[in-house]
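Have a look at the structure below, then the notes.
Bear in mind that the values in this text are calculations on the coordinates, not laboratory data. Given the structure is predicted, the values throughout are model-derived calculations rather than measurements. Heads up, the Cβs are rebuilt from the backbone with ideal geometry, glycines too, and the neighbour counts pull from every protein chain shown.
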Amino acid sequence: MKTNHVFVKWGLFVLLSFIWGSSFLLMLIGLEQLNAWQVAALRLFSAGIIMLPFAWPVIKRIPKEKVSYTILSGFLGSFFPAFLFCLAETRLDSSFAGTLNSLTPIFVILVGVFFFNLKVKWQQVIGILISFAGSIFLFMAKSGKTGDLLYVGFIVLGTFCYGLNVNMIGKKLRDIPSFDIGVLAFSFLAIPSLIILLAFGTHNLNFSDGHILWSLGASAILGIMGTTVASILFYVLLKRSGGIFASTVTYGIPFVAIFWGWVYHEKITVPVILSLLMILLGIFIINANEKPIRWLKGLLKKETRIKKITPP
């Protein structure tokens with residue numbers, strides 16, 4: 001049973017890394033013809049429309065005292081970060097935006113320790129710092145362009161929202177099904193998203209223009225997959241493995257970025273490979289208490305004892 005739990009947990013990790021890693025590419029496609037406010041609003045509106053048919057049954061079964069926390073989770077985990085990241089990508093490279101996204105586990109720990117009495121192991125802190133350093137080295141190996149400090153601040157604020165949301169879900173919404181959280185949160189967010197779309201004249205766009213349709217389609221897919229599906233999967237992972245491990249999904253994003261680079265015939269250098277290995281090392285240390293890793297440690301100790309017993 002525990003082994004199945006581990007495989008499901010890592011399966012969710014890989015799947016989320018791929019979806020969210022691809023989201024930065026979809027965001028850039030959307031920004032080719034739309035402004036940041038339109039891309040983010042269309043992303044959230046698409047997510048809300050998909051969930052709207054399930055909203056009424058969910059509202060009836062969620063306890064009243066949990067409804068406000070669920071809606072707040074939608075704002076912290078999706079609404080504010082969606083706009084902050086889109087605004088940031090108007091001036092920053094997507095690779096740098098993805099790298100800064102790796103601040104999320106650090107904010108999960110800081111917010112958890114200072115506001116939610118989260119107990120953290122030193123091993124987890126060390127692992128997160130190693131993985132974050134690997135993300136920074138990966139960014140430097142690939143481009144090194146940082147852009148304006150204000151737009152860097154947008155992403156930092158977005159990752160702070162993620163950290164706050166992860167801790168709040170773990171503390172206040174642990175007993176609410178992951179699907180129900182997603183349904184109520186995104187259905188509610190459809191309302192302010194629609195207002196923003198109308199305010200920026202999205203309904204007046206030339207829908208016969210193929211380039212505009214391409215950007216609209218990318219933004220809609222971003223909402224359905226990168227927000228709706230990914231958020232529900234993330235809630236599942238969060239409840240199965242805790243906030244610290246769930247937040248390390250952000251370290252899987254660089255691997256997806258490298259994959260897309262490989263697809264488009266981008267050269268993969270030795271510094272890039274070393275940076276990726278550094279990220280993996282950090283994730284390994286964070287999860288050093290997992291059963292497969294404990295088994296590996298036991299095997300290594302066993303081999304060491306055998307070598308000591310074996311005569312020269």
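Between the helical axis of 210-221 and the longest alpha-carbon principal axis of the chain there is an angle of about 50 degrees.
Along the axis of the charge dipole computed for region 2-309 (Cβ charges of +1 for Lys and Arg, -1 for Asp and Glu, origin at the Cα centre), the listed residues Val229, Gly98, Val113 are led at the positive end by Val113. Note: relative contact order over region 2-309, using C-alpha pairs below 8 Å and six or more positions apart, is 38 percent. With the simple spin-label model, which puts each label point 7 Å out from Cα in the Cβ direction, the Trp10 to Trp122 separation comes to 2.7 nm.
I need the shape label for region 211-285. Rule: rounded when a/c is under 1.5, else prolate if a/b > b/c, else oblate, with a, b, c from the alpha carbon gyration tensor. Cα axes put region 211-285 in the oblate bin. Estimated from helices alone, the mean residue ellipticity of the chain at 222 nm is -24500 deg cm²/dmol (sum of -39500 (n - 2.57) over DSSP H runs with n ≥ 4, per residue).
Going down the list Lys64/Lys171; Lys64/Lys119; Lys66/Lys171; Lys66/Lys119; Lys9/Lys66; Lys9/Lys64, which pairs span over 22 Å between their C-alpha atoms?
Working: Lys64/Lys171 16 Å; Lys64/Lys119 29 Å; Lys66/Lys171 11 Å; Lys66/Lys119 24 Å; Lys9/Lys66 26 Å; Lys9/Lys64 30 Å.
Cα-Cα > 22 Å for Lys64/Lys119; Lys66/Lys119; Lys9/Lys66; Lys9/Lys64; rest within.
Rounded to whole numbers, the Karplus 3J(HN,Hα) couplings from phi for region 268-274 are 9, 9, 4, x, 5, 4, 5 Hz, using 6.51 cos²θ - 1.76 cosθ + 1.60 with θ = phi - 60°, and x at Gly and Pro. Charge dipole (Cα centre; +1 on Lys/Arg Cβ, -1 on Asp/Glu Cβ; no other charges) of the chain amounts to roughly 1800 debye. When you count the other C-beta atoms within 10 angstrom of each residue and take the mean per peptide, 201-211, 105-115 line up highest first as 105-115, 201-211.
Of interest is the spacing of the C-alpha centroids, which for region 84-115 and region 2-31 amounts to 16 Å. Along region 119-133 the Karplus relation, 6.51 cos²θ - 1.76 cosθ + 1.60 evaluated at θ = phi - 60°, assigns HN-Hα couplings of 9, 10, 8, 4, 4, 5, 4, 4, x, 5, 5, 5, 5, 5, 4 Hz to successive residues, with x for each Gly and Pro. Sequentially through region 162-174, phi angles give Karplus couplings (6.51, -1.76, 1.60; θ = phi - 60°) of 4, x, 5, 5, 4, 5, 5, 5, x, 8, 10, 10, 5 Hz, Gly and Pro residues having no value and appearing as x. Centre-to-centre separation between the Cα atoms of region 226-275 and those of region 164-199: 22 Å.
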